[in-house]
Amino acid sequence: MYTFQDFIKDLDSFQEKITLLYNLADIVTKNMDSTSISAITSSQRAIEQKLLVLRQRTSKQMDRLEDELSRRQNFLHLLSGVKSNINAMQRVLENNDTSEASGENIIRDKLNNLNDAAASMDISVEKLDNLNNVSRRLFLTEQMAKELGDLNRKWVEMQRDLKERTQLLQSSLMLHKDFKTKCEMWKQFVEQIEMDISQDIAGNMSDLQKQQRQCKVCK
């Protein structure tokens, strides 16, 4: 495949021929009239000018391609980083399934893991923003554009899933705390009843109403 590097080499070779042409022209034009010399010199200058224009255009095109290549490499680097973050978040979600959360300690551990994952996503979202910004200045192939779109959708889905799981675990933790509090109240009530039974208490209406109020509190 013919490349810009090959073209530069051809221009360099052509430049050497131009120099040789100048040397030959100095020899040939010694015995020529001024009109002929002027015509040859004019042709030489025209060729040299065209060569200069070609070099300038080639240089600009190479700079453009190098910039495109640099931005494309940056895009691929950011793409790889976002993929890595999404895969890490996916593993966190898989390892913290809310359907398997039963005990309070398990719920608390899973909730801490999800909170850490959410904080990590908040930090790494800058990579996704940079990736999207870089992509707007690039010509993306159909496959690259599809992959970028899938990553953005996956990111949004994971954020939503993470938020829903966190809220569910928070609610479960509150229920456990509420249940634990009620158990403690019932335990205290039973202990108080046992203490009352072990003592001689007058069976009057006031004591019965007091016991009834204690039952209502524990409910």
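Numbers below:
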| quantity | calculated |
| --- | --- |
| Extension gain (nm, one decimal) between GLN56 and MET174, 0.36 nm per residue minus Cα-Cα | 35.3 nm |
| Share of carbon and sulfur in the accessible heavy-atom surface of the range 80-132 [1.4 Å probe, %] | 42 percent |
| Förster radius 25 Å - calculated FRET efficiency between SER84 and ILE106, Cβ distance, rounded to 0.05 | 0.35 |
| Above-threshold pairs, the threshold being 23 Å between Cα atoms, out of LYS60/LYS83; LYS60/LYS146; LYS127/LYS163; LYS110/LYS146 | LYS60/LYS83; LYS60/LYS146; LYS110/LYS146 |
| Selected from LEU151, ASN132, ALA117, residue furthest toward positive end of dipole (the range 85-164; charges at beta carbon) | ASN132 |
| Principal axis box of the range 6-91, alpha-carbon based, largest edge first, Å | 87, 17, 9 |
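The values are calculated or read from the model by the stated rules, or taken from the named source; none is laboratory data. This structure is a prediction, so every number in the text was calculated from the model and none was measured. Note that each Cβ is placed from the backbone with ideal geometry, even for glycine, and that neighbours are counted across all protein chains shown. All accessible areas refer to the heavy atoms of the entire protein, side chains included, with ligands and DNA or RNA removed. Shrake-Rupley method; radii C 1.70, N 1.55, O 1.52, S 1.80 Å.
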